[in-house]
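Below is one structure, written out as structure tokens, with a few remarks after it.
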Amino acid sequence: MKKMQAANLNDFFRAAAAAETVYLPVDSADGARFMKYEDGVTLSMACNTTRSAKDFFFPQVENLVDFKVDGKKIEVIDGREEVEDFVIFGVRACDLASFEILDRVYLNTPPVDSYYKNRREHGTVITLACGRPQETCFCKVFGIDAADPAGDVTCWMLGDDIYFRANTEKGEKLIAACGSLLTDVDEAPVENAKTAIRAMVDKLPIKDLKLDKISERHLLENFNSSVWKDLYESCIGCGTCTFVCPTCQCFDVREFKTNEGVKRFRCWDSCMYSDFTKMAAGNNRLSQLERFRQRFMHKLVYFPANNDGVYSCVGCGRCLKSCPISMNIVKVAKALGGEANE
């Protein structure tokens, strides 16, 4: 375990940025968001960023390949630029857990997504324990410990000091590069902080959300439940929940023609949109009820059924704060769970 005075945090960022690009949460008019570190940039102490750290590994828009056409000759051009090493500081436990969910989709199931893989390999993740969890947080429901996130390096901000624990080879390398700023210390203050954070989490209003009745075993019961009709009616299909969600992984692949050829790119898509997965034959989900149900059944039933019981939700609370009609996964889970959530 290492320690550094909080007053020297900019020196730490500066030392890390000498070798790699560093990103950290910064307050803005739209809430906290990840920005590149430069002298004068101040770390946000918000519980979480408006957009998740998923963007670093699965960006909203990404060029895939270019084509140059000359008569009947087609030249395929891999336009990817080499990803440089980078550091993300201040990732919370919920966002870290979302990376593991995305890994299951893009790395653990062939074919491996080489674009995603490249970014994951070049990124070093420094997590930050939650000092002030919000009422919209419910990560504990999914077994996530806000007091002791993993990552390549874990940090705790305790008063005038910041504690660091390297967890991986990447983390050891980064800590070594900033070694002159850090001193070896006892872990007792961090253990006390973990206890205090867990006590705060235990007082949050959604910590006891029950998912017992929402599972593969109850698939047909959940799918055919009458609650969907009442739940979906206020949904306007805006897709906001999918765009702030750290675990949503759906995308569309599109092409556009330029004077120099054709560009193929992918961009985030939303299962809440009427043209999602639409093909020449039509769309297999014609109503908003069907699309609404698909989103939540995937996160709470389909995904865990195919991924060792791991839910496709990390309890970050972003959808609770961003939905314009105040509909979210918690309300759905409570409705499906019935008396278990009374």
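Points worth noting:
- Contacts under 7 angstrom Cβ, first residue in the range 293-314 being within 16 Å of residue 225 (Cα to Cα) and in contact (Cβ under 8 Å) with a residue 40 or more places away in the chain, partner charged (D, E, K, R) and not in a loop (DSSP other than H, G, I, E, B), 6 or more apart: 301/216
- Residue satisfying condition, being at negative phi and in a loop (DSSP other than H, G, I, E, B), within set 246, 304: 246
- Which numbered condition residue 213 fails, given (1) more than 28 Å from residue 301 (Cα to Cα); (2) modelled with pLDDT under 95: (1)
- Here residue 230 fulfils each of the conditions (1) within 30 Å of residue 336 (Cβ to Cβ); (2) not in a helix (DSSP H, G or I) apart from (2).
- The listed residue being over 27 Å from residue 317 (Cα atoms), touching a residue at least 40 places away in the same chain (Cβ under 8 Å) and not acidic (Asp, Glu), out of 244, 262, 227: 262
- Verdict on residue 295 being of a type in the set (Lys, Arg), surrounded by 15 or more Cβ atoms within 10 Å (Cβ to Cβ) and under 30 Å from residue 137 (Cβ atoms): yes
- Qualifying strands (runs of 3 or more DSSP E) (wholly inside the range 4-108; at least 1 residues being assigned by TED's automatic domain parsing to the domain that holds residue 157, surrounded by 14 or more Cβ atoms within 10 Å (Cβ to Cβ) and at pLDDT 95 or above): 21-26, 33-36, 86-91
- For the residues 176, 150, the requirement of being assigned to a helix (DSSP H, G or I), among the hydrophobic types (A, V, I, L, M, F, W, C), surrounded by fewer than 20 Cβ atoms within 10 Å (Cβ to Cβ) and in the same structural domain as residue 54 (by TED's automatic domain parsing) singles out 176.
- Complete set of residues in the range 61-84 that are in contact with a Lys or Arg (Cβ under 9 Å, 6 or more places away or on another chain) and not aliphatic (A, V, I, L, M): 62, 63, 66, 67, 75, 79
- In the range 126-147, residue surrounded by the fewest Cβ atoms within 10 Å (Cβ to Cβ) [restricted to those that are β-branched (Val, Ile, Thr) and in contact with a helix residue (DSSP H, G or I) (Cβ under 7 Å, 6 or more places away or on another chain)]: 136
- For residue 53: the one exception among (1) in contact with a Gly (Cβ under 7 Å, 6 or more places away or on another chain); (2) touching a residue at least 60 places away in the same chain (Cβ under 8 Å); (3) not charged (D, E, K, R): (1)
- Residue 270 within 30 Å of residue 49 (Cβ to Cβ), modelled with pLDDT under 90, within 25 Å of the chain's Cα centre (by Cα) and small (Gly, Ala, Ser): no
- Residue list for the range 4-27, filter: β-branched (Val, Ile, Thr) and closer than 20 Å to residue 47 by Cα: 22, 26
- Where a residue in the range 81-108 is closer than 25 Å to residue 140 by Cα and its partner, wherever it lies, is part of a strand (DSSP E or B) and of a type in the set (A, V, I, L, M, F, W, C), with Cβ under 6 Å and at least six apart: 88/125; 89/24; 89/126; 90/24; 90/128; 91/125
- Subset of the range 179-197 [outside any loop (DSSP other than H, G, I, E, B) and surrounded by 15 or more Cβ atoms within 10 Å (Cβ to Cβ)]: 181, 189, 190, 193, 194, 197
- Of the residues making up the range 111-130, not a single one is in a helix (DSSP H, G or I), closer than 28 Å to residue 209 by Cβ and either β-branched (Val, Ile, Thr) or modelled with pLDDT of 95 or more (or both).
- Whenever a residue of the range 196-222 is free of Cβ contacts under 8 Å to residues at least 60 places away in the same chain, its partners that are part of a loop (DSSP other than H, G, I, E, B), lying with C-beta atoms within less than 6 angstrom and at least six residues away or across chains, give the pairs 198/147.
The values are calculated or read from the model by the stated rules, or taken from the named source; none is laboratory data. The model shown is predicted, which means the values in this text are computed figures rather than measured ones. As a convention, Cβ positions derive from the backbone with ideal geometry for all residues, glycine included, and neighbour counts pool all protein chains shown.
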